[in-house]
Amino acid sequence: MRPGDPSLLRRVNTQITLRALRRQGVATLTQLGRITGLSRQTVETVLDELGGRGWVQETPPDEGAMGRPARRFRFRADAGYVLGVDIGANKILAALADLNGEVVAVERVAVDGGAPAPERLGLAERTALACVDGAGVPRGRVWTVAAGTSGIIDRSGRVSLSIVLPGWTGVDLAAVAGRWLGCPGLAENDANLALLAEHWRGSAQHASDVVYLLVGHRTGAGVLIAGRLHRGRGGGAGEIGALRQVAWESGSVELTRDAAADEVFVAAGAGDPGALRMVDRFAANLAVGASALVLAIDPELVVVGGGCSRAGDVLLTPLRRHLDELCLTPPQVALSTFGDESVALGAVRLALDHVEREVLGL
């Protein structure tokens with residue numbers, strides 16, 4: 001880059017102004033100049049350019065203002081949208097959000113756990129389109145689609161290994177998701193996305209080192225280190241359940257062998273001795289894998305999410321006790337803010353990251 005490059009200077013000024021306007025919501029030229037340190041003329045030039053792109057809109061002046069009213073501007077969060085889709089074993093959940101990350105529509109459908117890959121993908125596409133169409137948003141206004149699913153997802157968005165969903169290994173999920181709406185497609189592991197959601201707006205907002213446990217139909221984990229998602233060399237970070245000694249899969253089976261997990265948790269909450277023993281065994285099993293991650297990473301926080309997080313303290317109390325026994329310095333343990341919606345919301349965050357970087361230039 002050449003010193004004094006005018007095109008670089010314009011990009012920097014645009015980034016600074018757009019960031020400031022998004023933070024403020026609505027601002028005048030004077031306010032933006034004060035926040036950015038740019039001249040009024042520079043700010044006005046940038047806003048005119050952003051207005052031409054459809055990203056910024058001038059708003060009516062304050063009513064009752066004395067003298068000549070100041071020009072006021074807002075970022076157009078409705079200029080584009082992103083779509084996050086959770087493709088799970090038993091459900092597909094799509095969430096449509098504007099460019100501020102505000103969810104404007106949700107669509108949820110059930111899916112058979114044994115559905116073959118083409119059937120699951122077809123249902124995911126129909127759910128995604130129904131979410132967009134139901135919100136009255138033109139399909140061309142969706143700028144990025146991100147999908148979350150179980151298994152190891154490589155950096156290109158391809159499922160490199162899945163032991164949960166039939167025929168899922170080898171599916172180029174990012175490419176498939178992008179074709180639904182003719183826009184860039186992304187894909188990521190479900191536990192990683194759930195962790196992104198919690199760090200963005202949930203239980204892990206103020207923590208930098210976090211272990212997230214996705215506990216539901218299966219048990220998985222995501223890892224945040226120094227405020228950044230840690231995927232590992234091939235996307236397999238956190239897949240400690242692959243160790244037979246951890247026995248996360250067998251622990252889940254034991255909990256649901258004789259009754260639905262929700263029924264077991266309800267009975268345990270009512271004090272049923274048999275249910276309490278079953279939940280305690282499940283928590284002890286969960287703590288083995290969780291403690292291995294805690295001892296390796298020494299996080300500030302462990303977040304428990306997924307369908308089983310609905311059990312609340314019925315699960316967290318024994319889990320905390322077992323972690324205290326296994327960890328040298330036990331971390332805080334908290335429930336997910338978003339439960340089984342966290343994967344779709346994390347997919348929204350992943351899509352927004354892409355839009356901000358590749359489209360808005362932030």
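The values are calculated or read from the model by the stated rules, or taken from the named source; none is laboratory data. For clarity, every value in this text was computed on a predicted model and none was experimentally measured. Because the Cβ atoms are built from the backbone with ideal geometry, glycine has one as well, and the counts that use them run over all protein chains shown. With ligands, DNA and RNA removed, areas are computed over all heavy atoms of the protein, side chains included. Shrake-Rupley method; radii C 1.70, N 1.55, O 1.52, S 1.80 Å.
Summary table
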quantity	calculated
Condition check for Ser342: open to solvent by less than 40 Å² (accessible area, probe 1.4 Å), among the polar types (S, T, N, Q) and in contact with a strand residue (DSSP E or B) (Cβ under 7 Å, 6 or more places away or on another chain)	yes
Unmet requirement for Lys91, which otherwise passes all of (1) touching a Lys or Arg at 6+ places or on another chain (Cβ under 7 Å); (2) within 27 Å of Gly167 (Cα to Cα); (3) without any contact (Cβ under 8 Å) to a residue 60 or more places away in the chain	(3)
All positions within region 195-205 that are open to solvent by less than 40 Å² (accessible area, probe 1.4 Å), closer than 18 Å to His354 by Cβ and in contact with a strand residue (DSSP E or B) (Cβ under 7 Å, 6 or more places away or on another chain)	Leu195, Leu196
Test for Thr30: is it in a helix (DSSP H, G or I), β-branched (Val, Ile, Thr) and farther than 27 Å from Asp353 by Cα	yes
The one condition in (1) open to solvent by 60 Å² or more (accessible area, probe 1.4 Å); (2) more than 30 Å from Arg179 (Cβ to Cβ); (3) under 27 Å from the mean Cα position of the chain (by Cα) that Val56 fails to fulfil	(1)
Any hit, region 275-284, residues being closer than 30 Å to Leu173 by Cα, open to solvent by 10 Å² or more (accessible area, probe 1.4 Å), free of Cβ contacts under 8 Å to residues at least 12 places away in the same chain and among the charged types (D, E, K, R)	no
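Every residue, every condition in (1) charged (D, E, K, R); (2) closer than 22 Å to Val343 by Cα, yes or no:
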position: Val264; (1), (2): no, no
position: Asp272; (1), (2): yes, no
position: Asn285; (1), (2): no, no
position: Ala292; (1), (2): no, no
position: Ala296; (1), (2): no, no
position: Glu300; (1), (2): yes, yes
position: Gly305; (1), (2): no, yes
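Per-residue answers, yes or no, for (1) more than 24 Å from the chain's Cα centre (by Cα); (2) open to solvent by 20 Å² or more (accessible area, probe 1.4 Å); (3) aliphatic (A, V, I, L, M):
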| site | (1), (2), (3) |
| --- | --- |
| Leu301 | no, no, yes |
| Gly306 | no, no, no |
| Ser309 | no, no, no |
| Leu316 | no, no, yes |
| Arg320 | yes, yes, no |
| Asp324 | yes, yes, no |
| Leu328 | yes, yes, yes |
| Thr337 | no, yes, no |
